[in-house]
Amino acid sequence: MSKPTPISGFPEWTPAQRMIEQFVLDRIRATFELYGFAPLETRSVEPLEQLLRKGDTAKEVYLLRRLQADTDGPAGDDALGLHFDLTVPFARYVLENAGKLQFPFRRYQIQKVWRGERPQEGRYREFLQADIDIVDRDTLPAHYEAEMPLVIGDALRSLPIPPVRIQVNNRKICEGFYRGIGLTDTEAALRAVDKLDKIGPAKVTELLAETAGASEAQAKAVLSLAEISAPDASFADAVRGLGVSDPLLDEGVAELTAVVETAAAHAPGLCVADLRIARGLDYYTGTVYETQMIGYERFGSICSGGRYDNLASSGNVRFPGVGISIGVTRLLGLLFGAEALSVSRSVPTCVLVAVTAEEDRAASDAVAAALRSRGVPTEVSPSAAKFGKQIRYAERRGIPYVWFPGADGDEVKDIRSGEQVPAAAGEWTPPRADLKPLVGPAGTGV
């Protein structure tokens, strides 16, 4: 096989990076379960009509097609696409299984997604997301919108990463404000504002005129609203100061105030009301979230989501929900690129059992089995080389202990300190810090 050409946008971590990723996933999963979310996994494909139903996503969807069409096979395969997020498949799952679910239904989902984006630092075509959603039948109380940042804040604080700031807004504020100043195409206005950080105020003003029919005065008012940001409920006074009145606007201000105040009581500084946050997907109807990692703001959000009321419905029955998603691959890719995370060793192995001679390998295997039965990650030396070579093998792999079987009793050596002591495989336990690889910020000596 000739040397393969790498495919951009499809990250493949090293074993050490993969161990860091698994550590991160375990922490996130544990936090989600602490808040009562149950695990779920859905299929990787959805009908194209579902994937394209809400928002400008056509350029992002990968089609699923066979190389050769099968005229006798199942119909409709050409109309399938790989899911670009986990919210659309989750909504479909709820509709299909509503009779079996208990509402409000709380689920978490950690799964790969695919997007046809231009690969760059922190942006991939295949990546891992960790989602939580809460859905209910017909109505969903607004207090769930205030709960989302608490879960995400706890999950991200459990990781050895820089602190985060969750930016929150409410689509009702934007839509009510736009209606109050006479703009009728509120979705077009939201999509334009969502591009503010990418193209700047001047280009957004042009876009508002082209796509939402905004006058110069209306565009100026829209940008004035987007400039409002506050770490507390004082944002509400700034909104009222713009002199626009609309019932939907008032409803959104009240809901966002509750989100900000709830977050401040749980973790001061976690959330900030930022009225430029719009989220490009059309299905959001209430609170929306974006999360920045301090020091990495230029890369945008690492965690986002929002409230949706109309994504899942069957006849007269609706299933409103609220959800938020951590871009796990995005977060880790940025930190790996900055060499900001480290792991104490590149393999899970805690103990290497030495082999005195090949005919005695069975004795070394028995020691390894005894250690593994007690939860100690162990491997047996690949050869019965001189003990010095076996120790160097362990050093190269970062294995902290080497076990020496002996006719008069076994001994275990900490090859970092050189200390060697008698030990019995049925009793000896390494220090807790050595049992598994430790993950932490680079330079902390983990």
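Report whether or not Gly426 is in a loop (DSSP other than H, G, I, E, B) and either among the hydrophobic types (A, V, I, L, M, F, W, C) or within 28 Å of Pro15 (Cα to Cα) (or both). It would help to see each step written out before you state the result.
Values: in a loop (DSSP other than H, G, I, E, B): yes; either among the hydrophobic types (A, V, I, L, M, F, W, C) or within 28 Å of Pro15 (Cα to Cα) (or both): no.
Against the criterion (in a loop (DSSP other than H, G, I, E, B) and either among the hydrophobic types (A, V, I, L, M, F, W, C) or within 28 Å of Pro15 (Cα to Cα) (or both)), Gly426 does not qualify.
Report yes if some residue within segment 20-37 is exposed (fewer than 13 other Cβ atoms within 10 Å of the Cβ), modelled with pLDDT of 80 or more and over 21 Å from Ile110 (Cβ atoms); otherwise report no.
No, segment 20-37 contains no residue that is exposed (fewer than 13 other Cβ atoms within 10 Å of the Cβ), modelled with pLDDT of 80 or more and over 21 Å from Ile110 (Cβ atoms).
Report, by residue number, each residue of segment 258-285 that is open to solvent by 10 Å² or more (accessible area, probe 1.4 Å) and touching a Ser or Thr at 6+ places or on another chain (Cβ under 6 Å).
Asp274, the sole residue that qualifies.
Within segment 416-446, track down each residue that is of a type in the set (Val, Ile, Thr) and closer than 20 Å to Arg372 by Cβ.
Filtering segment 416-446 down to residues of a type in the set (Val, Ile, Thr) leaves 421, 429, 439, 444, 446.
Scanning segment 416-446 gives a single hit, Thr429.
Using beta carbons and a limit of 9 Å, which pairs, at least six apart or on different chains, have the first residue in segment 83-103 and at pLDDT below 95 and the second one among the acidic types (Asp, Glu) and open to solvent by 10 Å² or more (accessible area, probe 1.4 Å)?
Phe84/Glu60
Here's the yes/no breakdown for (1) over 30 Å from Pro162 (Cβ atoms); (2) among the small types (Gly, Ala, Ser):
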{"residue": "Arg240", "(1), (2)": "yes, no"}
{"residue": "Asp250", "(1), (2)": "yes, no"}
{"residue": "Ala278", "(1), (2)": "no, yes"}
{"residue": "Arg307", "(1), (2)": "no, no"}
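For Ala366, indicate whether it is more than 43 Å from the chain's Cα centre (by Cα) and surrounded by fewer than 16 Cβ atoms within 10 Å (Cβ to Cβ). Lay out the reasoning, then the answer.
Values: more than 43 Å from the chain's Cα centre (by Cα): no; surrounded by fewer than 16 Cβ atoms within 10 Å (Cβ to Cβ): yes.
Here the answer is no, as Ala366 does not meet what is asked.
What about Asp138, is it of a type in the set (Asp, Glu) and either free of Cβ contacts under 8 Å to residues at least 60 places away in the same chain or buried (at least 17 other Cβ atoms within 10 Å of the Cβ) (or both)?
Numbers: of a type in the set (Asp, Glu): yes; either free of Cβ contacts under 8 Å to residues at least 60 places away in the same chain or buried (at least 17 other Cβ atoms within 10 Å of the Cβ) (or both): no.
Answer is no for this residue.
Please indicate, with yes or no, whether at least one residue in segment 151-165 is more than 30 Å from Ile28 (Cα to Cα) and open to solvent by 40 Å² or more (accessible area, probe 1.4 Å).
So far as segment 151-165 goes, no, none of its residues is more than 30 Å from Ile28 (Cα to Cα) and open to solvent by 40 Å² or more (accessible area, probe 1.4 Å).
If I filter segment 170-192 down to residues being over 16 Å from Tyr289 (Cβ atoms), part of a helix (DSSP H, G or I) and touching a residue at least 60 places away in the same chain (Cβ under 8 Å), which single residue comes out as most open to solvent (accessible area, probe 1.4 Å)?
From segment 170-192, those over 16 Å from Tyr289 (Cβ atoms) are 175-189, 191-192; that's our starting set.
Still in the list and also part of a helix (DSSP H, G or I): 175-180, 186-189, 191-192.
Filter once more, so that each one left must be touching a residue at least 60 places away in the same chain (Cβ under 8 Å): 175-177, 179-180, 187, 191.
Working: Glu175: 45, Gly176: 0, Phe177: 2, Arg179: 125, Gly180: 39, Glu187: 86, Arg191: 76 Å².
Checking each candidate, the answer is Arg179.
Does Asp133 count as outside any helix (DSSP H, G or I) and of a type in the set (Asp, Glu)? Don't jump to the end; show me each part of the working.
Details: outside any helix (DSSP H, G or I): yes; of a type in the set (Asp, Glu): yes.
In short, yes.
Would segment 376-386 turn up any residue that is surrounded by 13 or more Cβ atoms within 10 Å (Cβ to Cβ) and within 30 Å of Ile161 (Cβ to Cβ)?
yes
Which one is nearest to Glu187 (Cα to Cα), of the residues in segment 202-218 that are of a type in the set (A, V, I, L, M) and assigned to a helix (DSSP H, G or I)? Write out each step before concluding.
Step one: filter segment 202-218 for residues of a type in the set (A, V, I, L, M), giving 202, 204, 207-209, 212, 214, 217.
Within this subset, residues satisfying the condition of being assigned to a helix (DSSP H, G or I) are 202, 204, 207-209, 212, 217.
Values: Ala202: 19, Val204: 14, Leu207: 12, Leu208: 11, Ala209: 13, Ala212: 8, Ala217: 19 Å.
Among those residues, the one meeting the criterion is Ala212.
So which pairs qualify, if the first residue must be in segment 419-446 and in contact (Cβ under 8 Å) with a residue 12 or more places away in the chain and more than 14 Å from Pro400 (Cβ to Cβ), the second must be of a type outside the set (A, V, I, L, M) and open to solvent by 80 Å² or more (accessible area, probe 1.4 Å), the Cβ gap must be under 6 Å, and the two must be at least 6 apart or on different chains?
If the second residue must be of a type outside the set (A, V, I, L, M) and open to solvent by 80 Å² or more (accessible area, probe 1.4 Å), the pairs left are Ala442/Glu339.
Which one of the conditions (1) among the charged types (D, E, K, R); (2) surrounded by fewer than 22 Cβ atoms within 10 Å (Cβ to Cβ); (3) assigned to a helix (DSSP H, G or I) does Glu145 fail to meet, given that it meets all the rest?
(2)
Note down all Cβ pairs under 7 Å where the first residue falls in segment 249-263 and is of a type in the set (Ser, Thr, Tyr), the second is assigned to a helix (DSSP H, G or I) and buried (at least 22 other Cβ atoms within 10 Å of the Cβ), and they're at least six residues apart or on different chains.
Thr262/Ala146
From the residues in segment 222-257 that are assigned to a helix (DSSP H, G or I), under 29 Å from the mean Cα position of the chain (by Cα) and β-branched (Val, Ile, Thr), which one is surrounded by the fewest Cβ atoms within 10 Å (Cβ to Cβ)?
Per the criteria, the residue is Thr257.
Suppose the filter is open to solvent by 30 Å² or more (accessible area, probe 1.4 Å), charged (D, E, K, R) and not in a loop (DSSP other than H, G, I, E, B); does Arg307 pass it?
Values: open to solvent by 30 Å² or more (accessible area, probe 1.4 Å): no; charged (D, E, K, R): yes; not in a loop (DSSP other than H, G, I, E, B): yes.
Judged against the criteria, Arg307 is not a match.
Give segment 89-113 a look and list any residue that's over 14 Å from Arg318 (Cα atoms), touching an Asp or Glu at 6+ places or on another chain (Cβ under 7 Å) and open to solvent by 40 Å² or more (accessible area, probe 1.4 Å), or say none.
Of everything in segment 89-113, just one residue is over 14 Å from Arg318 (Cα atoms), touching an Asp or Glu at 6+ places or on another chain (Cβ under 7 Å) and open to solvent by 40 Å² or more (accessible area, probe 1.4 Å), namely Lys112.
If the requirement is being hydrophobic (A, V, I, L, M, F, W, C), in contact with a Leu (Cβ under 6 Å, 6 or more places away or on another chain) and open to solvent by less than 10 Å² (accessible area, probe 1.4 Å), which of these qualifies: Leu335, Leu341?
On the way: Leu341 fails: open to solvent by less than 10 Å² (accessible area, probe 1.4 Å).
Result of the check over Leu335, Leu341: Leu335.
The values are calculated or read from the model by the stated rules, or taken from the named source; none is laboratory data. Only a predicted model underlies this, so the values are computations on that prediction, with no experimental measurement involved. FYI the Cβ positions are ideal-geometry reconstructions off the backbone, even for glycines, and counts take in every protein chain you see. Remember, those area values only see protein heavy atoms, side chains included, never the ligands or the DNA or RNA. Shrake-Rupley method; radii C 1.70, N 1.55, O 1.52, S 1.80 Å.
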